[in-house]
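Undergrad: Below you'll find the structure I mean.
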Amino acid sequence: MNPGEARYDHARAEDARAFHRSTPVVDGHADSILGVLAVERTLVARSDRGHLDFPRARDGGLSATIQAAWPAPATYSTALVRVTVQVEAIRDEIDRSEGRAVLARCAADIDDAFVHGRLAVLIDVEGAEALHGDLAVFRSLYRAGVRVFQPVWNHRNAAADGVEEEDRGGGLSAFGRALVAEANRLGVAIDLSHIVARGFDEAIDLSAHPVLFTHGNCRALFDHRRNLRDDQIRRLAERGGVFGISYVATFMGEGEVTVSHVADRVDHAVQVAGPHHVGLGSDWDGTDLLPRGLESAELLPNLTAELMARGYGREDLQAILGGNYLRAFRQIYGA
């Protein structure tokens, strides 16, 4: 929220907070470690900077957050160093939390964190630049706790083409195909956010496990290159995948964006794919452009409250809020 801006609380926010205490809630993507490395704040203590820290995540009812390690384009030549620093920083923040946050390597770790009132943190690497063309690096990152991997960010790399290549983008490279196969072998979730359409199709066809699209939106409602077409959402669902609805305002249109606009996207995705293939993918700390009422993690009950007001029942809410990710994780991780 901007300084001095009044906090928005949905009329049913308290009902939503109670619901969050009864079911695991998973957010599919955040970039919160960037603020820590910029020496702006820590994830262990509550802050009024950034969008997510461990206390605010728990206040919002989150049971799990997928935190990204991302090598910015300026660091591509030394991407592994940058990613390693970020992975270690995420783990350091977890260690400093004195048990309030835990590193999750499988679905059972999220279930256990929920039971004990802790925040589970999964680590994602955003882009294959960090691998420098070598799957041995991928295996090393797996041993360091990485359980979600995006083959590509916006730019072309050794694995695939990103959305900046949308008009002429190709599919997976030979290395990209080998990466998907190795992810399946190890038990790492492939996240197709940022990939071009051809690579999206090829990865879904190649993967023996469900794939994720953790943070994007609906192209039928707003034509943005980071959004999926309805046929892509259906393909993802047909193979057991999960489509995480992002809160990035620029993915939803121009002008003011609110919690209601995000709920509209959940509605649309559910109409296309059914409630058992839709999830949440905030992109907190990866953008400054968020809807009113979702400016930080403790405000997540506003979205659940809006879905309740629209008539979503308990079973569908449990699936959308976290159950769908957990089902996919069990299939991918084996536990």
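Undergrad: Conditions: (1) at pLDDT below 95; (2) farther than 21 Å from residue 69 by Cβ. Residue 218 meets all but one. Number of the miss?
TA: Every condition holds for residue 218 apart from (1).
Undergrad: Tell me which of these residue 212 doesn't satisfy, since it passes every other one: (1) surrounded by 21 or more Cβ atoms within 10 Å (Cβ to Cβ); (2) touching a Leu at 6+ places or on another chain (Cβ under 8 Å); (3) within 21 Å of residue 132 (Cβ to Cβ).
TA: (3)
Undergrad: Which one is nearest to residue 311 (Cα to Cα), of the residues in region 1-57 that are free of Cβ contacts under 8 Å to residues at least 24 places away in the same chain and of a type in the set (A, V, I, L, M)?
TA: Out of the qualifying residues, it is 18.
Undergrad: Note down all Cβ pairs under 9 Å where the first residue falls in region 109-122 and is within 14 Å of residue 29 (Cα to Cα) and touching a residue at least 40 places away in the same chain (Cβ under 8 Å), the second is part of a helix (DSSP H, G or I) and charged (D, E, K, R), and they're at least six residues apart or on different chains.
TA: Close Cβ pairs satisfying both conditions: 120/109; 120/111; 120/112; 121/91; 121/93; 122/109.
Undergrad: Additional query: Can you work out which of the residues in region 24-61 that are of a type in the set (Val, Ile, Thr), assigned to a loop (DSSP other than H, G, I, E, B) and surrounded by fewer than 24 Cβ atoms within 10 Å (Cβ to Cβ) is modelled with the lowest pLDDT?
TA: 39
Undergrad: Would it be correct to say that residue 148 is touching a residue at least 60 places away in the same chain (Cβ under 8 Å), out of contact with any Pro (no Cβ under 8 Å at 6 or more places or on another chain) and either part of a helix (DSSP H, G or I) or closer than 27 Å to residue 80 by Cα (or both)?
TA: yes
Undergrad: Exactly one of (1) over 21 Å from residue 330 (Cβ atoms); (2) buried (at least 23 other Cβ atoms within 10 Å of the Cβ); (3) of a type in the set (Gly, Ala, Ser) is unmet by residue 203. Its number?
TA: Result: residue 203 fails condition (1) only.
Undergrad: Can I ask one more? How many of the residues in region 197-214 are within 15 Å of residue 183 (Cβ to Cβ) and among the acidic types (Asp, Glu)?
TA: 2
Undergrad: Still on this model: Assuming residue 95 fulfils every condition listed in (1) within 23 Å of residue 36 (Cβ to Cβ); (2) buried (at least 21 other Cβ atoms within 10 Å of the Cβ) apart from one, which condition is it?
TA: (2)
Undergrad: Moving to a separate point now. If we only count helices (runs of 4 or more DSSP H) wholly inside region 231-335, which ones have 1 or more residues that are among the basic types (Lys, Arg) and modelled with pLDDT of 95 or more?
TA: Ranges flagged: 259-273, 314-318, 324-333.
Undergrad: While we're looking at this one, here's another question. Hey, residue 93 hits all of (1) touching a residue at least 40 places away in the same chain (Cβ under 8 Å); (2) more than 20 Å from the chain's Cα centre (by Cα); (3) over 19 Å from residue 328 (Cα atoms) but one; which does it fall short on?
TA: Checking residue 93 against (1) touching a residue at least 40 places away in the same chain (Cβ under 8 Å); (2) more than 20 Å from the chain's Cα centre (by Cα); (3) over 19 Å from residue 328 (Cα atoms), the one that fails is (2).
Undergrad: A further question follows. For region 106-117, indicate whether the set of residues that are touching a Lys or Arg at 6+ places or on another chain (Cβ under 8 Å) and under 16 Å from residue 190 (Cα atoms) is non-empty.
TA: Within region 106-117, one or more residues are touching a Lys or Arg at 6+ places or on another chain (Cβ under 8 Å) and under 16 Å from residue 190 (Cα atoms).
Undergrad: Taking the condition of being among the charged types (D, E, K, R) and under 15 Å from residue 14 (Cα atoms), how many residues in region 267-317 meet it?
TA: 2
Undergrad: Okay, next question. Among (1) within 25 Å of residue 225 (Cα to Cα); (2) buried (at least 23 other Cβ atoms within 10 Å of the Cβ), there is one condition residue 274 misses while meeting the rest; what is its number?
TA: If we test residue 274 against (1) within 25 Å of residue 225 (Cα to Cα); (2) buried (at least 23 other Cβ atoms within 10 Å of the Cβ), just (2) comes out false.
Undergrad: Looking at 311, 240, 253, 293, which is the one that is of a type outside the set (Lys, Arg), crowded, with 24+ Cβ neighbours inside 10 Å and at positive phi?
TA: 293
Undergrad: Continuing with the same structure: Given the options 12, 58, name the one that is over 20 Å from the mean Cα position of the chain (by Cα) and of a type outside the set (Gly, Ala, Ser).
TA: Of the residues listed, the single one that is over 20 Å from the mean Cα position of the chain (by Cα) and of a type outside the set (Gly, Ala, Ser) is 12.
Undergrad: Could you identify the single residue in 245, 233 that is among the aliphatic types (A, V, I, L, M) and within 15 Å of the chain's Cα centre (by Cα)?
TA: 245
Undergrad: How many residues, within region 2-23, are surrounded by 14 or more Cβ atoms within 10 Å (Cβ to Cβ) and modelled with pLDDT of 95 or more?
TA: Final tally of qualifying residues: 9.
Undergrad: Quick check, is residue 184 in a loop (DSSP other than H, G, I, E, B), modelled with pLDDT of 95 or more and within 22 Å of the chain's Cα centre (by Cα)?
TA: So residue 184 does not fit the description; no.
The values are calculated or read from the model by the stated rules, or taken from the named source; none is laboratory data. For clarity, every value in this text was computed on a predicted model and none was experimentally measured. FYI the Cβ positions are ideal-geometry reconstructions off the backbone, even for glycines, and counts take in every protein chain you see.
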